[in-house]
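Let me begin by presenting the structure, written as structure tokens, before commenting on it.
The values are calculated or read from the model by the stated rules, or taken from the named source; none is laboratory data. Note that the structure is a prediction, hence the values are computed from the model and not measured. We place every Cβ from the backbone using ideal geometry, glycine too, and count neighbours over all the protein chains shown. With ligands, DNA and RNA removed, areas are computed over all heavy atoms of the protein, side chains included. Shrake-Rupley method; radii C 1.70, N 1.55, O 1.52, S 1.80 Å.
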Amino acid sequence: MAHHDDQEFTEYFTAKRDSVRRTAYLLCGDWHRADDLAQTAFVALHRKWRKIRDRGAVDAYMRKTLVRAAIDESRRPWRRERHTDEVPETAVPGTGGGDSLAEAVSTRADLLAGLARVPPKQRAVLVLRYFEGLDVASVARVLGCSEGNVKSQTSRGLANLRAVLGEEVDTRG
């Protein structure tokens, strides 16, 4: 790789690593796996960096690579999730900073736990739609499927998330 290409990739990596890692976490629900997924996606991008002519398409390529890596990883037998009724890490009472903070943390933890129990492709659609802010057409391009498939996966994913959370899931904001 030429020095200029190497420098461009380094700048892209520096600017996007935290964002890619957060998206990976939303896809898998585990920070260690998120680091692995982000690394896999960045390595794939690095291999193709010189061949990418449209630098504006790099984010889309990265999202697609990340989602595919997460789905592929979930299919491996040694990575299958085991669901339990107990959360291994519980908060210590009296250490919070207030009711609104405690409620926000509780809601976020519930949402992340709920996402972890949604099938991988549905989870990918939900993350891309509601956390990455992509429209149906963009999600379809990232996943390489039809817009109708994105809509049905979104509907099923939200239904599964609602079933897991046992309450209304707000998708408006």
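I'm trying to understand the selection: among the residues of segment 142-173, which are modelled with pLDDT of 90 or more and of a type in the set (D, E, K, R)? Listed by number, the residues that qualify are Glu147, Lys151, Arg156. What's the total number of residues in segment 22-60 that are closer than 26 Å to Leu112 by Cα and not in a helix (DSSP H, G or I)? Number satisfying all stated conditions: 2.
The set of residues from segment 37-51 being of a type outside the set (Ser, Thr, Tyr) and surrounded by 15 or more Cβ atoms within 10 Å (Cβ to Cβ) comprises Leu37, Ala38, Gln39, Ala41, Phe42, Ala44, Leu45, His46, Trp49.
Residues that are farther than 17 Å from Gln39 by Cα and either assigned to a helix (DSSP H, G or I) or at pLDDT 90 or above (or both) within segment 1-18 comprise His3, His4, Asp5, Gln7, Glu8, listed in sequence order. Can you say whether Arg55 is modelled with pLDDT of 85 or more and within 24 Å of Asp6 (Cα to Cα), as far as the supplied structure shows? Taking the combined requirement at face value, the residue does not satisfy it. Of Leu66, Leu27, all but one fail to be under 19 Å from Leu126 (Cβ atoms), hydrophobic (A, V, I, L, M, F, W, C) and in contact with a Lys or Arg (Cβ under 7 Å, 6 or more places away or on another chain); the exception is Leu27. For first residues located in segment 6-32 and within 11 Å of Leu66 (Cβ to Cβ), partners that are among the acidic types (Asp, Glu) and not in a helix (DSSP H, G or I) and lie 6+ apart or on another chain with Cβ distances below 7 Å form the pairs Thr23/Glu132. What do you reckon, is Ala70 open to solvent by less than 80 Å² (accessible area, probe 1.4 Å), at pLDDT 90 or above and aliphatic (A, V, I, L, M)? No; evaluated as a whole, the condition is false for this residue. The set of residues from segment 124-161 being small (Gly, Ala, Ser) and in contact with an Asp or Glu (Cβ under 7 Å, 6 or more places away or on another chain) comprises Ala137, Ala140.
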